[in-house]
Each structure stands twice: as structure tokens, then as C-alpha cells.
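The block underneath contains the structure these notes are about, expressed in C-alpha cells.
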Amino acid sequence: MFVWLRNHPLWTAVTIGAGTMITFKYIRDKIRNSNQEILDIMIFNELSGKCDSGHPKKEALNCPNKYCSKRHIQRIVQQIDQAVYSIDIAIYTFTTIEILEAFYRALDRGVTIRVISDPEMLSSTGSKVLSLKSSGVEIRMPETTALMHHKFLVIDGGARVKSLLRVKDGRKKPTCVVGAVFYGSANWTAQGFKGNWENCVLSSDKLLTNRFQAEFDRMWTSFKRY
Ligand SMILES: [Zn+2]
């Protein structure tokens with residue numbers, strides 16, 4: 001029965017059809033992935049803490065309050081959770097536990113994390129920068145009294161991924177990843193996310209991502225290892 005079916009012209013047609021569909025889906029997914037556009041503009045204001053006890057953290061992404069602090073934090077976490085190769089962080093101060101946990105998960109996946117921070121703020125109350133250092137993350141800082149006042153992170157920046165692929169065996173990971181940058185006025189703290197009037201942008205725009213990545217790389221070269 002099976003031999004008969006296998007020799008039937010219809011079988012050949014079905015096999016070719018299925019093969020074509022699988023190939024088409026693979027190529028389509030590749031193209032979609034490479035063109036996936038991310039743009040999220042996050043405004044933090046007096047309404048950001050309004051639904052603090054209104055919904056569980058996991059449902060925050062669907063929160064109708066467009067200023068919701070929990071929603072914004074979960075959106076950042078969601079993007080960090082998609083990092084494949086690298087996360088480069090330049091942050092004045094950072095205390096948000098959800099973001100720290102997302103960085104830990106990234107480290108567990110083999111993502112390389114680098115941190116640039118400010119020497120004055122390093123030992124401030126609740127700072128999580130040293131928690132990352134304890135997990136083996138390299139920290140660098142400027143040697144001047146001028147503030148390292150940036151608040152941004154770059155996920156899978158093009159130049160960084162290329163340099164990591166040169167030194168790592170990346171065969172088990174996809175070579176086609178979506179780079180993204182998260183930047184804005186807010187420190188990643190309770191005050192920044194639901195106490196102040198702040199703004200942040202999450203974007204996969206290549207020009208933005210590459211420009212922030214280039215500045216991170218430039219600072220990384222000139223700053224001192226902590
Ligand atoms: Zn909410």
C-alpha cells in the first residue's frame with residue numbers, strides 16, 4: 001500500500017509542495033525577523049503608579065493605562081528576554097529588581113553583558129550594578145568627577161554581535177537577530193519609573209541602535225575597569 005502510494009505521481013507533487021512550503025516559511029520568517037520593527041515610546045508621569053495594585057505584573061503588558069509603570073517595565077523586560085548575544089548597559093543608577101532578574105536570565109542564556117556606570121552612584125542604596133558584578137559582569141567607569149549620566153542599553157547591537165561572533169562559536173544561535181536600544185531620561189529606579197516625569201524610547205531603528213552602540217564601545221575603551 002505504502003509502496004503504491006510512494007510511486008504515485010500525487011505523492012511526488014505532495015512532497016514537493018510540502019518542501020516548498022517549509023522553505024517558503026523559513027525564508028519568510030527570516031525576512032520578517034530581520035525587518036521586525038520595534039518602537040515603544042514610554043511616558044512616565046503622575047499616572048504611572050496609578051494601577052500599582054490594580055493588576056498582576058504578568059498582565060501589565062495589556063494594561064489600558066498607557067503611562068503604567070508596570071507595563072513599561074514589563075515591556076523593557078520582554079525585550080531584554082529576547083537578547084541573543086549582547087546587552088551593553090550605560091546607566092547612572094539602577095535599582096529595579098525586575099530588570100536585574102531579566103539580566104540574570106540573559107546571563108543564563110549565555111548573553112554577554114557589559115556595564116558602564118557612575119562611580120558616585122555605584123554604592124548608592126539599592127544599586128544593582130554591583131549585583132551584576134558579583135555575577136561576573138565587567139563594570140567600567142570614567143575616572144573624572146563629571147557624571148556618567150547616560151541611561152541606555154543596547155541589545156544585540158550590530159557591531160557588537162559581529163565582534164562576539166568572531167570570538168565565539170555562534171553556530172547554535174541565529175545569526176539574524178533584531179538589535180534594539182532603550183534610552184531616555186529615567187534612571188531605572190522606583191523614583192524614575194513612577195515618581196518623576198520622565199520619558200524613554202525602545203526602538204530597533206538601526207541608526208539609533210548603531211549610534212548608541214558606537215558610543216558605548218568608545219566609552220568602554222576609554223573607561224577604567226572597576
Ligand atoms: Zn497598569
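The values are calculated or read from the model by the stated rules, or taken from the named source; none is laboratory data. In this text the structure is predicted, and so the values were computed from the model without any measurement. Please note: Cβ atoms are built from the backbone with ideal geometry, for glycine as well, and neighbour counts cover all protein chains shown.
Structural remarks
- Scanning segment 51-66 for residues being within 7 Å of the ligand (Cβ to nearest atom) and either at pLDDT 80 or above or more than 21 Å from residue 196 (Cβ to Cβ) (or both) gives a total of 5.
- Among the residues making up segment 54-78, those that are crowded, with 21+ Cβ neighbours inside 10 Å and either touching a Phe, Trp or Tyr at 6+ places or on another chain (Cβ under 7 Å) or not in a helix (DSSP H, G or I) (or both) are 68, 69, 72, 73, 76.
- Checking segment 123-132 against the condition returns no match, with no residue being without any contact (Cβ under 8 Å) to a residue 60 or more places away in the chain, within 22 Å of residue 196 (Cα to Cα), in contact with a Cys (Cβ under 8 Å, 6 or more places away or on another chain) and buried (at least 22 other Cβ atoms within 10 Å of the Cβ).
- Residue in segment 182-203 that is among the acidic types (Asp, Glu) and modelled with pLDDT of 95 or more present: yes
- Scanning segment 67-95 for residues that are within 16 Å of the ligand (Cβ to nearest atom) and touching a strand residue (DSSP E or B) at 6+ places or on another chain (Cβ under 8 Å) returns 67, 69, 72, 75, 76.
- Residue list for segment 83-99, filter: under 14 Å from the mean Cα position of the chain (by Cα) and surrounded by fewer than 18 Cβ atoms within 10 Å (Cβ to Cβ): 98
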